[in-house]
Amino acid sequence: MSILGVLPFVVYFSIYPIYQGDFSNKHFTPKQLERFPNKLTLSIVVLPGCPYCHETISFMNALISREPKLHIRYVVVSESMAPLSLFSSKLDKRISVIRAKNQKNWIIMAHGGFPCMMISEHSKIIYAWENDFFGVRAIDDYLGRNN
């Protein structure tokens with residue numbers, strides 16, 4: 001009988017899991033090896049063939065729809081320009097997509113984990129998050145700086 005009482009919760013959390021990043025704000029500040037925009041910007045550092053990187057697209061589209069004044073950009077770590085269209089064709093037009101000119105620097109700044117979200121302001125990195133830790137607390141930090 002108690003299994004039937006717990007079953008709805010198990011089904012719900014299997015469909016809508018609680019992420020570690022929703023409870024913690026485990027960020028890091030990487031050594032800055034590239035120049036960032038002067039205005040407050042959320043940069044999502046991605047690889048072309050990374051399925052987790054492509055999963056961020058719907059989330060970022062929803063975020064920019066909810067907060068249209070945000071500055072969000074995707075930095076694609078790729079040697080060619082071709083993979084940029086994989087992202088730009090699916091992203092809201094207010095989200096820019098650029099190619100990382102020095103791929104090695106971006107890989108080092110992302111600590112080798114992709115996608116990596118970085119908040120910068122005044123051309124300097126403030127914080128960065130691995131994918132698992134970019135949750136509601138990280139977004140609140142970004143939105144709080146934007147208001």
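The values are calculated or read from the model by the stated rules, or taken from the named source; none is laboratory data. Note that the structure is predicted; figures quoted are calculated from it, not measured. Here the Cβ positions follow ideal geometry from the backbone for every residue, glycine too, while neighbour counts run over all protein chains shown. These area figures cover heavy atoms from the full protein model, side chains too; ligands, DNA and RNA do not enter into them. Shrake-Rupley method; radii C 1.70, N 1.55, O 1.52, S 1.80 Å.
Taking the conditions exactly as written (in a helix (DSSP H, G or I), free of Cβ contacts under 8 Å to residues at least 60 places away in the same chain and not basic (Lys, Arg)), does Ala62 satisfy them or not?
Spelling it out, Ala62 is indeed in a helix (DSSP H, G or I), free of Cβ contacts under 8 Å to residues at least 60 places away in the same chain and not basic (Lys, Arg).
Considering every residue within the stretch 66-79, establish whether at least one is open to solvent by less than 40 Å² (accessible area, probe 1.4 Å), touching a residue at least 60 places away in the same chain (Cβ under 8 Å) and in contact with a Phe, Trp or Tyr (Cβ under 6 Å, 6 or more places away or on another chain).
Step one: of the stretch 66-79, the residues open to solvent by less than 40 Å² (accessible area, probe 1.4 Å) are 70, 72-78.
Imposing the further condition that a residue be touching a residue at least 60 places away in the same chain (Cβ under 8 Å) reduces the set to 70.
From what's left, in contact with a Phe, Trp or Tyr (Cβ under 6 Å, 6 or more places away or on another chain): none.
No, that holds for no residue.
So that you can scan it fast, the table gives a plain yes or no per residue for (1) among the basic types (Lys, Arg); (2) at pLDDT 95 or above:
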| position | (1), (2) |
| --- | --- |
| Ile44 | no, yes |
| His54 | no, yes |
| Phe59 | no, no |
| Arg73 | yes, yes |
| Val76 | no, yes |
| Glu79 | no, no |
| Asn105 | no, yes |
| Phe114 | no, yes |
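List pairs: first residue in the stretch 95-107 and within 14 Å of Cys50 (Cβ to Cβ), second residue in a helix (DSSP H, G or I) and not basic (Lys, Arg) anywhere in the structure, Cβ distance under 7 angstrom, at least six positions apart or on different chains.
From residues that are within 14 Å of Cys50 (Cβ to Cβ), the pairs are Ala100/Trp106.
Please determine whether any residue of the stretch 89-102 is touching a Leu at 6+ places or on another chain (Cβ under 9 Å) and open to solvent by 70 Å² or more (accessible area, probe 1.4 Å).
Yes, the stretch 89-102 contains a residue that is touching a Leu at 6+ places or on another chain (Cβ under 9 Å) and open to solvent by 70 Å² or more (accessible area, probe 1.4 Å).
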